[in-house]
Amino acid sequence: MWIVFACGSAFFAGITAVLAKCGIQKTDSTVATAIRTIIVLIFSWLMVFVADSQSQMETIGGKTLLFLILSGIATGASWLCYFKALQLGDINKVVPIDKSSVVLTILLAFLLLGEPIGPFQGVGVVLIGAGTFLMIEKKAETTDASKQGKGWMFYAFGSAVFASLTSILGKIGIEGVESNLGTAIRTIVVLIMAWIMVLVTGKTGAVREVSRKELAFICLSGLATGASWLCYYRALQDGLASVVVPIDKLSILVTIAFSRLVFHEKLTARSGWGLIFIIIGTLAMMF
């Protein structure tokens, strides 16, 4: 059953990027992150009460709570970087870098959680790395980098690093904690972090300037993220991080498909091969 949840996480994560991109055409990415986190928070706590797991809050130990908080901080940092990268660059360039976090997650799962790395996982790491390089290089050659700058790549890699830390810290933090409750607690941390960033950067006035259309897309992306989170951490609770994470990273297929429909972004032959490498490498890690 945890594989089904992992696949659900991949789908909702995939459409999140496209919906978010629609909502940050003019809206500042930090403001958008703060707004959409409110939606995720409401959604996650609703699921807590539906699952009747709120009573377990009293049983959460100090160590578990600490790792949930740390995981929330890592998630907040990953989100801020990710949506800033989406605002500056193309989806088909940003997403492959973000999804390459699976490589670092596999290594951290081996070092910190003792999860083995077999020959298939080793091959998968190489293929994902090669595929990511192909997609980035070709897209960089065929887009106007002078207008977008190189900032998107810095934020994209930052998103990948923090995403991998989120997976490991989340895996440790949800041991003995109902998955919906763990997700809801982490979301509180992300919400606080996001709004602190809005205040610190002096962007509170920009909140009132968000158009209704972009606000709708931001909220929809928040709902998609909430659904992805709930599926993802339920899968992590029952399955291996080294398997759940690769399945979740297949959301790149959903993202690219919808980016083609919505933004008319096309894959070149080289970037297409890169995508194939990433898919094969991801699937190899499941064995």
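Quick note: the coordinates plus some simple rules give every number you see, no bench work behind them. Since the structure is predicted, the reported quantities are computational estimates derived from the model, not experimental observations. Every residue, glycine as well, gets a Cβ built from its backbone with ideal geometry; the counts of neighbours run over all protein chains shown.
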Report summary line: Share of Cα-Cα pairs in the stretch 1-70 beyond 15 Å, whole percent, is 73 percent
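In whole angstrom, how long is each semi-axis of the equivalent ellipsoid of the chain, when you take the square root of 5 times every eigenvalue of its Cα gyration tensor and sort them from largest down? Display every interim value, and only then the final one.
Numbers: eigenvalues 150, 127, 47 Å².
Rounded to whole Å, the semi-axes are 27, 25, 15.
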Requested in this report: Enumerate the calculated ³J(HN,Hα) couplings along the stretch 192-198 in order (Karplus 6.51 cos²θ - 1.76 cosθ + 1.60, θ = phi - 60°), each rounded to whole Hz, writing x wherever the residue is Gly or Pro.
Outcome: 4, 4, 5, 6, 4, 5, 5
Query raised in the report: Using 15 Å as the cut-off for backbone N distance, which residues of the stretch 62-82 belong to the label zone defined by a point 7 Å from the Cα of Ser211 along Cα→Cβ?
Result: none
Query raised in the report: Length gain on complete extension for the stretch Lys266 to Phe120, per 0.36 nm per residue less the alpha carbon to alpha carbon distance?
Result: 49.5 nm
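Beyond 11 Å, what share of the Cα-Cα pairs of the stretch 66-110 remains, rounded to the nearest whole percent? Before the final figure, lay out the partial values.
Details: 700 of 990 pairs.
The calculated P(r) of the stretch 66-110 puts 71 percent of pairs beyond 11 Å.
Helix-only mean residue ellipticity at 222 nm, the chain, DSSP H runs n ≥ 4 weighted -39,500 (n - 2.57), per residue, nearest 500. What is it? Intermediate values should be presented prior to the final figure.
Values: 14 runs with 234 residues, N = 287.
Helix-only estimate at 222 nm: -27500 deg cm²/dmol.
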Report summary line: Whole-Hz Karplus couplings 3J(HN,Hα) for the stretch 114-128, θ = phi - 60° and coefficients 6.51, -1.76, 1.60, Gly and Pro as x, run x, 6, x, 10, x, x, 5, 5, x, 5, x, 4, 5, 5, 5
